[in-house]
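The values are calculated or read from the model by the stated rules, or taken from the named source; none is laboratory data. The structure displayed is predicted, hence computed values, not measured ones. A quick note on method: Cβ atoms are made from the backbone with ideal geometry, for glycine too, and the neighbour counts reach across all protein chains shown. Just so you know, the surface numbers come from the protein's heavy atoms only, side chains and all, with ligands and any DNA or RNA stripped out. Shrake-Rupley method; radii C 1.70, N 1.55, O 1.52, S 1.80 Å.
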Amino acid sequence: MTGSSLCDQRRARRWTKGVQVNNLRNCRIGVIGLGYVGLPLAVEFGKHFDTVGFDINVRRIQALQAGRDATLEVSGAELTAARRLSFTSELADLKVCRTHIVTVPTPIDTYKRPDLAPLVSASTSVGKVLRKGGIVIYESTVYPGCTEEVCVPILERESGLRFNRDFFVGYSPERINPGDKEHRLPTIKKVTSGSTPEAADFVDALYRSIVTAGTHRASSIKVAEAAKVIENTQRDVNIALINELALIFARLGIDTEEVLKAAGSKWNFLPFRPGLVGGHCIGVDPYYLTHKAQEIGYHPEMILAGRRLNDSMPAYVAGEIVKLMTRKRIHVNGARAIVLGITFKENCPDIRNSKVVDLVRELRNYGVDVDIHDPWADPNECKHEYRIRLTRTPKARHYDAAIVAVAHREFKTRGVKAVHGLCRRNHVLYDIKHSFPASEVDGRL
């Protein structure tokens, strides 16, 4: 170890101990990105620390300043309770902060490769306002090594500061479950890490101040990054297994739900269910891990096989619906169908990476005229993201097929008779999410 590196480490310890860790109470926090992850985080910190919530979407900022959250993750009362939280779309307002937390999305592109553009843009912005002694904490899901290999050089370039001497980095992956009112940020254990032991101490202490469930301190940023990306990869592979079982049982004439209930009577059987795997996590995160694996010369077999199978499910479901229509002598080309639900999960307005959109496209490829109704989704967002117009009030006795794609509570409350009531006498009802009894529908996964 060189003398200069030892000197840098001593400076790092002095700086983080003197400026950051010991002054936790007085730290000012900037949260960059106010979506499903960033806003709840900013609200919790805003109850205890001076916090600036930053987003480039001016309309989003205006709505939050007026006490409205379009994601429905935070209520107006919760926004009011965060008395030390302010919102801005002006980058200069982040200059007062020494701690910056990046919570921007990390999607994939059309070739299913990691799209780091939002992360690069956020790092560039933070670098412009980063001050000496500052720390930047990333929560966005990435592949192992991304924070230090991609983000840190951008921070150094934009700030003119030196990593682990003038500024530090942490990684604490988000674990938000959109629409879940039981498992909230404070009640979900937080994984933390830092670029130096002292930085790791600060990151851990910072999150422990708001997370009642406690923290798990990882030994390095790479370990924390890997832990996050495998959480959803594991779920994806397990759902792929259940989806494949559903394909097999359909050919055997066995109801998948009955099989899973029977198997679930054993204490250690995992309660996964078949379905369309979309959203911003399960259908995306595995590609970050496989990208890095292939970059280092390893071709992942099981993970990619699971992804292929899950991505194929919309086409399979569309084919099953068409078969059912044909058996009932319903002319498919020109038939009318109503799809109930477009969000990627129930009781949540999030439409990111919704596989219902793929199902709609498959049905339209068969010549079916498809309407989509969803009481949770934002019509303007659907139009902007997918060029899909939502049907506000489906017509009664109008459709040849009805597909329950998302198990929103409104659909369950109205009941299966109401869904049948949308259709003509001879019709098909397909229930993807098992919202209704098998005896009341024509088909389901």
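So the values come out like this:
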item: Solvent-accessible area, 1.4 Å probe, carbon plus sulfur percent, for region 283-358; result: 54 percent
item: Residue range of the chain that is longest and free of chymotrypsin sites (Phe, Trp or Tyr not before Pro) which are both DSSP loop and sparsely packed (at most 10 other C-beta within 10 Å); result: 112-266
item: Under-5 Å amide H pairs with Y171, H placed in peptide plane, nonlocal only; result: Y138, S193, G194
item: Extension gain (nm, one decimal) between Q62 and D369, 0.36 nm per residue minus Cα-Cα; result: 106.7 nm
item: Interchain or long-range residues, amide H under 5 Å from L429's placed H; result: A402, D442, G443
item: Cα gyration tensor shape of region 344-418, rounded if a/c is under 1.5, else prolate or oblate by comparing a/b with b/c; result: oblate
item: 3J(HN,Hα) from dihedral phi, region 395-412, Karplus parametrisation 6.51/-1.76/1.60, rounded to Hz, x for glycine, proline; result: 7, 6, 6, 10, 10, 8, 8, 10, 10, 8, 8, 9, 8, 4, 4, 4, 5, 5
item: Dipole in debye (nearest 20) - region 57-161, about Cα centre, beta carbon charges: Lys, Arg +1; Asp, Glu -1; result: 360 debye
item: Percent antiparallel among DSSP beta bridges (both partners in the chain, rounded to 5); result: 5 percent
item: Gyration tensor (Cα) of region 73-204, equivalent ellipsoid semi-axes in angstrom; result: 24, 20, 16
item: Within region 93-225, percent of DSSP bridges classed antiparallel, to nearest 5; result: 15 percent
item: Farthest positive-ward along the chain dipole, Cα basis, beta-carbon charges - from V74, A337, P144; result: V74
item: For region 283-298 and region 82-120, distance of Cα centres in Å; result: 23 Å
item: Most mobile listed residue (T343, T141, T80) in the chain, GNM with C-alpha springs under 10 Å; result: T80
item: Under 17 Å from the Cα of K417 - aspartates and glutamates, other chains or at least 8 residues apart; result: D400, D431, E440, D442
item: Helix 356-365 axis, angle to the chain major axis (alpha carbon atoms, nearest 10°); result: 40 degrees
item: Ellipsoid equivalent to the chain - semi-axes via the Cα gyration tensor, in Å; result: 45, 24, 19
item: Residues listed by number, region 190-223, amide nitrogen under 13 Å from E149 label point at 7 Å toward C-beta; result: 222-223
